[in-house]
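The values are calculated or read from the model by the stated rules, or taken from the named source; none is laboratory data. All figures in this text were calculated on a predicted structure; none of them were measured in a lab. Cβ placement follows ideal geometry from the backbone for every residue including glycine, while neighbour counts extend to all protein chains displayed. Note: areas computed on protein heavy atoms with side chains; ligands, DNA, RNA excluded. Shrake-Rupley method; radii C 1.70, N 1.55, O 1.52, S 1.80 Å.
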Amino acid sequence: MIGLLGTSATIRQKYVDDLEAEFAAGKRLLRHACPELVAAAEAKLRGEPTDPAVFRTAADGLRSQPGGAEIDTVVLACTHFPLVADELRAAFGSNVAFVDGAEGIAR
């Protein structure tokens with residue numbers, strides 16, 4: 001099971017649908033909008049503390065969906081999100097792999 005974290009706009013984009021069809025055919029993709037991760041990433045860049053609850057909320061947003069407990073891969077579909085990948089790993093647990101989508105997003 002694949003989870004996708006992005007902004008509200010990103011998770012609704014047609015290009016995400018196209019990427020899902022091309023690269024996740026036959027798989028189930030759960031999407032969750034978590035714009036609060038942008039603010040957390042920017043705070044971290046400024047050296048400010050981040051609230052661990054923000055990362056738990058993002059994880060819970062995917063995990064609470066039907067089939068969410070089976071997520072083993074999470075796509076970070078925002079250029080900011082890799083900045084808080086360590087915090088997200090802690091929230092999701094060590095059995096989840098992360099895909100950094102920043103390079104593809106930038107293209």
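Other residues whose C-beta falls under 13 angstrom from the C-beta of residue 52 contribute a net charge of -2, scoring Lys and Arg +1 and Asp and Glu -1. Rolling a 1.4 Å probe over the protein heavy atoms gives the chain an accessible area of 55 Å² per residue. Computed about the Cα centre, the dipole magnitude for the chain is approximately 140 debye when only Lys and Arg (+1) and Asp and Glu (-1) carry charge, each at its Cβ. Within the accessible surface of the chain, defined with a 1.4 Å probe on protein heavy atoms only, the carbon and sulfur portion equals 54 percent.
Helix 14-23 axis versus longest C-alpha principal axis of the chain: approximately 70°, rounded to the nearest ten. Each of 88, 6, 40 was scored by the projection of its Cα onto the charge dipole of the chain, and the greatest displacement toward the positive side belongs to 6; charges sit on the C-beta of Lys, Arg, Asp and Glu.
For residue 43, neighbours were defined as the other residues whose beta-carbon sits under 15 Å from its Cβ, and their charges (Lys and Arg +1, Asp and Glu -1) total -4.
Placing unit charges on the Cβ atoms only, positive for Lys and Arg and negative for Asp and Glu, gives the stretch 1-62 a dipole magnitude near 100 debye about its Cα centre.
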